[in-house]
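Input: a single structure, listed below in structure tokens.
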């Protein structure tokens with residue numbers, strides 16, 4: 001009997017233990033499901049590796065790569081992250097418009113209509129005959145590049161170029177971020193061989209002109225300036241181009257996977273970083289291409305800086321400029337690249353063009369007709385910097401440039417416009433005789449008094465539209481202090497030389513201090529240094545048709 005009682009107690013104990021285990025297990029499961037997926041995870045560990053990195057076009061260095069230690073299902077985390085994609089590149093909803101940019105989220109009036117600030121590359125002496133530069137570039141004044149050459153045009157990356165235009169139901173106005181400056185990315189001409197090898201125009205941005213619903217195509221008005229009034233709700237519903245967010249996720253190409261920030265090594269300038277965790281094989285960014293024959297750019301030294309942003313297939317004179325969002329910020333590594341290039345499988349990529357002769361290709365090509373895509377070579381964690389291999393020719397050219405580089409005479413006297421104070425009073429022409437400004441700089445004024453008769457004196461008027469369309473060279477003649485700050489009398493000069501002409505007939509009075517700023521004189525910025533590095537990026541041989549080689 002005692003034995004049977006003992007066995008019964010053991011059995012009851014066993015049943016009790018099983019029940020308790022089940023209860024605890026269920027509680028544990030419920031608890032874990034209620035927490036973020038990264039709870040049971042050390043923050044990170046440091047993996048020291050000798051990896052070759054570059055500045056945006058800078059010097060190789062050794063850097064520490066911080067890799068989060070991941071547990072659990074990377075695929076689940078990746079899918080969760082990429083479902084957050086806010087902006088897509090897809091076939092435009094406008095007839096015969098090619099590619100278009102779409103939002104997968106609602107955007108309120110004044111909100112951002114692109115994923116991040118991007119860059120523009122000014123061609124100082126753009127060819128005046130018809131090329132893809134004409135159809136896919138911005139006016140000289142758009143990003144304050146008016147004084148950057150004889151016929152400057154801005155070729156931009158990202159949404160600034162991918163926008164389509166409509167006249168009545170547009171969504172956005174292109175512009176710049178509030179702190180847009182001409183920046184050298186930290187590559188000083190006095191101490192860095194990468195000085196002059198990157199564009200200084202960083203910070204292009206756009207904002208919503210009205211409330212924009214998820215699925216809408218992001219469009220601009222044809223003249224880019226905006227106009228009074230708003231389209232009616234009926235017009236928007238009837239005419240505004242759109243696609244459903246579900247369609248975009250199935251057929252679109254995400255352009256929201258990259259963020260731009262200071263490169264891993266502070267001395268490297270800017271770099272591209274993963275905005276989300278990306279699984280091996282994931283499309284990081286589409287790269288639609290503009291195609292140019294290298295001969296269209298003036299043969300001068302230094303050559304146009306856009307060459308540093310273009311792919312050039314070996315043994316050809318073809319330049320392919322990728323204008324996908326953030327692609328131009330991906331730095332070089334031949335040792336540890338984590339992304340690479342391949343032709344897009346999108347239906348918008350005209351892969352059949354690669355079967356044509358080069359002569360036939362030039363007859364039919366147009367911007368965005370060919371699309372490369374940047375894809376992940378391995379699993380990439382959120383926040384990791386992206387690198388791909390520019391090729392042996394590029395690497396050899398950079399190493400030679402670095403060995404032979406020295407700063408040019410007078411480099412120490414150069415002052416970057418962004419380093420000039422905008423709070424101190426501007427000196428008059430008379431004051432500058434005894435205390436001159438740096439020789440590379442000139443003052444510019446933003447005035448609405450553009451269309452006027454000669455020999456006129458006019459009171460300053462504020463331009464109706466924000467931006468740089470009315471910025472002109474100006475010379476400070478007089479300065480007065482008023483209650484609200486300094487006011488000036490200036491002589492406007494409607495050419496780009498910066499050389500003062502005492503017979504200038506255009507005078508503005510009552511010019512506020514805030515309407516005056518600094519720019520480089522034409523051909524004086526780093527991008528025109530005679531020793532600036534120039535070299536196109538290599539494109540793997542397997543991506544180009546053999547019949548194009550040697551042409």
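The values are calculated or read from the model by the stated rules, or taken from the named source; none is laboratory data. Remember, predicted model here, so these are calculated numbers, not experimental data. We place every Cβ from the backbone using ideal geometry, glycine too, and count neighbours over all the protein chains shown.
Within the range 376-398, can you find the residues that are within 27 Å of residue 307 (Cβ to Cβ), in contact (Cβ under 8 Å) with a residue 40 or more places away in the chain and either in the same structural domain as residue 485 (by TED's automatic domain parsing) or surrounded by fewer than 20 Cβ atoms within 10 Å (Cβ to Cβ) (or both)?
Here is the first cut: in the range 376-398, the residues within 27 Å of residue 307 (Cβ to Cβ) are 377, 385-398.
Those left that are additionally in contact (Cβ under 8 Å) with a residue 40 or more places away in the chain: 377, 385-395, 397-398.
Matches in the range 376-398: 377, 392, 393, 395, 397.
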*Output the residues belonging to the range 454-468 that are in contact (Cβ under 8 Å) with a residue 40 or more places away in the chain and surrounded by fewer than 18 Cβ atoms within 10 Å (Cβ to Cβ).*
454, 455, 456, 457, 458, 459, 462, 465, 466
*Can you name the residue in the range 211-220 that is in contact with a helix residue (DSSP H, G or I) (Cβ under 8 Å, 6 or more places away or on another chain) and crowded, with 17+ Cβ neighbours inside 10 Å and, of all such residues, is modelled with the lowest pLDDT?*
218
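Are any of the residues in the range 221-232 modelled with pLDDT under 95 and outside any loop (DSSP other than H, G, I, E, B)?
Applying the first criterion (modelled with pLDDT under 95) to the range 221-232 yields 221-232.
Of the ones still in play, those that are also outside any loop (DSSP other than H, G, I, E, B) are none.
No, that holds for no residue.
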_Among the numbered criteria (1) under 26 Å from the mean Cα position of the chain (by Cα); (2) closer than 30 Å to residue 531 by Cβ, which one does residue 439 miss?_
(1)
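Hey, does the range 505-522 have a residue that's at positive phi and assigned to a loop (DSSP other than H, G, I, E, B)?
Our first condition is that a residue be at positive phi; within the range 505-522, this holds for 510.
Keeping just the survivors that are assigned to a loop (DSSP other than H, G, I, E, B) gives none.
Looking for residues that are at positive phi and assigned to a loop (DSSP other than H, G, I, E, B), one finds none in the range 505-522, hence no.
Looking at the range 199-210, which of its residues are in contact with a helix residue (DSSP H, G or I) (Cβ under 7 Å, 6 or more places away or on another chain) and under 24 Å from residue 407 (Cα atoms)? Reasoning before the result, please.
Let us first name the residues in the range 199-210 that are in contact with a helix residue (DSSP H, G or I) (Cβ under 7 Å, 6 or more places away or on another chain), namely 199-200, 204, 206.
Once the filter is applied, which keeps residues that are in contact with a helix residue (DSSP H, G or I) (Cβ under 7 Å, 6 or more places away or on another chain) and under 24 Å from residue 407 (Cα atoms), the range 199-210 yields 199, 200.
Would the range 451-472 turn up any residue that is over 30 Å from residue 192 (Cα atoms), assigned to a helix (DSSP H, G or I), touching a strand residue (DSSP E or B) at 6+ places or on another chain (Cβ under 7 Å) and not assigned by TED's automatic domain parsing to the domain that holds residue 139? Lay out the reasoning, then the answer.
Residues of the range 451-472 over 30 Å from residue 192 (Cα atoms): 451-472.
Filter once more, so that each one left must be assigned to a helix (DSSP H, G or I): none.
Scanning the range 451-472, I find no residue that is over 30 Å from residue 192 (Cα atoms), assigned to a helix (DSSP H, G or I), touching a strand residue (DSSP E or B) at 6+ places or on another chain (Cβ under 7 Å) and not assigned by TED's automatic domain parsing to the domain that holds residue 139, so the answer is no.
Yes/no per residue for (1) out of contact with any helix residue (DSSP H, G or I) (no Cβ under 7 Å at 6 or more places or on another chain); (2) at pLDDT below 95; (3) closer than 21 Å to residue 371 by Cβ; (4) surrounded by fewer than 17 Cβ atoms within 10 Å (Cβ to Cβ):
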{"residue": "514", "(1), (2), (3), (4)": "yes, yes, no, yes"}
{"residue": "520", "(1), (2), (3), (4)": "no, yes, no, no"}
{"residue": "524", "(1), (2), (3), (4)": "yes, yes, no, no"}
{"residue": "528", "(1), (2), (3), (4)": "yes, yes, no, no"}
{"residue": "537", "(1), (2), (3), (4)": "no, no, yes, no"}
{"residue": "542", "(1), (2), (3), (4)": "yes, yes, yes, yes"}
{"residue": "545", "(1), (2), (3), (4)": "no, yes, yes, yes"}
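Only one of 257, 331 is over 26 Å from residue 219 (Cα atoms), crowded, with 22+ Cβ neighbours inside 10 Å and within 19 Å of the chain's Cα centre (by Cα); which? Spell out how you get there, then give the answer.
Details: 257 fails: over 26 Å from residue 219 (Cα atoms).
The conditions single out 331.
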*Of all residues in the range 406-425, how many are surrounded by 14 or more Cβ atoms within 10 Å (Cβ to Cβ) and closer than 28 Å to residue 196 by Cβ?*
8
*Just need a number here: residues in the range 265-309 that are under 20 Å from the mean Cα position of the chain (by Cα) and part of a loop (DSSP other than H, G, I, E, B).*
5
*asked:* So, restricting to strands (runs of 3 or more DSSP E) that lie completely within the range 310-429, which ones have at least 1 residues that are over 30 Å from residue 481 (Cα atoms) and at pLDDT below 95?
replied: 311-313, 318-322
